[in-house]
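Notes follow the structure.
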Amino acid sequence: MKFGQYVRKIRKTRGIGLREMSRALNCSAAYISDIERSRRNPPGDELMSKFADVLGIDRKLLERSAAVSRDSIQLDIRDVAMRKAEFAYLLNRKWDSLDNSQIDELAKYLNEMNANLEDSR
């Protein structure tokens, strides 16, 4: 689901009016309406956090939806270990050649690794 559609769905589900949302975000109702109708791109980092707070949802859910809307995913690698940056670059290079079974295999591995990390906490 595109970012704007997702925001609108959550906003309406939560019973938050457009004017109420605009006051909480300190921006115009027209701006939010344009975002919800995909006339504008998803907001930047600071406003994205405010959207998440006002809607009462995890920012990562909004970021995922924003990535779909932008047709791209951005990774900030400024302050990460070189090995992580190399992995991101490798994944980007191989992206178009991955088939569904390879994607499923990678996703399964990453999900298992994530579950193991959560179990150890």
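On the basis of being in a helix (DSSP H, G or I) and either farther than 23 Å from GLN74 by Cβ or touching a residue at least 60 places away in the same chain (Cβ under 8 Å) (or both), does GLY4 make the cut? Spell out the reasoning first.
Numbers: in a helix (DSSP H, G or I): yes; either farther than 23 Å from GLN74 by Cβ or touching a residue at least 60 places away in the same chain (Cβ under 8 Å) (or both): yes.
Here the answer is yes, as GLY4 does meet what is asked.
Given the criteria in a loop (DSSP other than H, G, I, E, B) and either within 23 Å of TRP95 (Cβ to Cβ) or aliphatic (A, V, I, L, M) (or both), does SER65 qualify? Explain how you work it out, then say what you get.
Working: in a loop (DSSP other than H, G, I, E, B): no; either within 23 Å of TRP95 (Cβ to Cβ) or aliphatic (A, V, I, L, M) (or both): yes.
No, not satisfied.
Report, by residue number, each residue of the stretch 41-85 that is at pLDDT 90 or above and either β-branched (Val, Ile, Thr) or farther than 27 Å from GLY15 by Cβ (or both).
VAL54, ILE57 - these are the residues of the stretch 41-85 that are at pLDDT 90 or above and either β-branched (Val, Ile, Thr) or farther than 27 Å from GLY15 by Cβ (or both).
Read through the list (1) under 30 Å from ARG8 (Cα atoms); (2) in a loop (DSSP other than H, G, I, E, B), then give the number of the only condition that ARG121 fails.
Single failed check for ARG121: (1).
Among LYS94, LYS60, which is the only one that is closer than 19 Å to ALA107 by Cβ, exposed (fewer than 10 other Cβ atoms within 10 Å of the Cβ) and either basic (Lys, Arg) or over 11 Å from the mean Cα position of the chain (by Cα) (or both)?
Going through LYS94, LYS60 in turn, just one is closer than 19 Å to ALA107 by Cβ, exposed (fewer than 10 other Cβ atoms within 10 Å of the Cβ) and either basic (Lys, Arg) or over 11 Å from the mean Cα position of the chain (by Cα) (or both): LYS60.
The values are calculated or read from the model by the stated rules, or taken from the named source; none is laboratory data. Here the structure is a predicted model, which is why all the values come from computation and not from measurement. Virtual Cβ from ideal backbone geometry, glycine too; neighbours counted across all protein chains shown.
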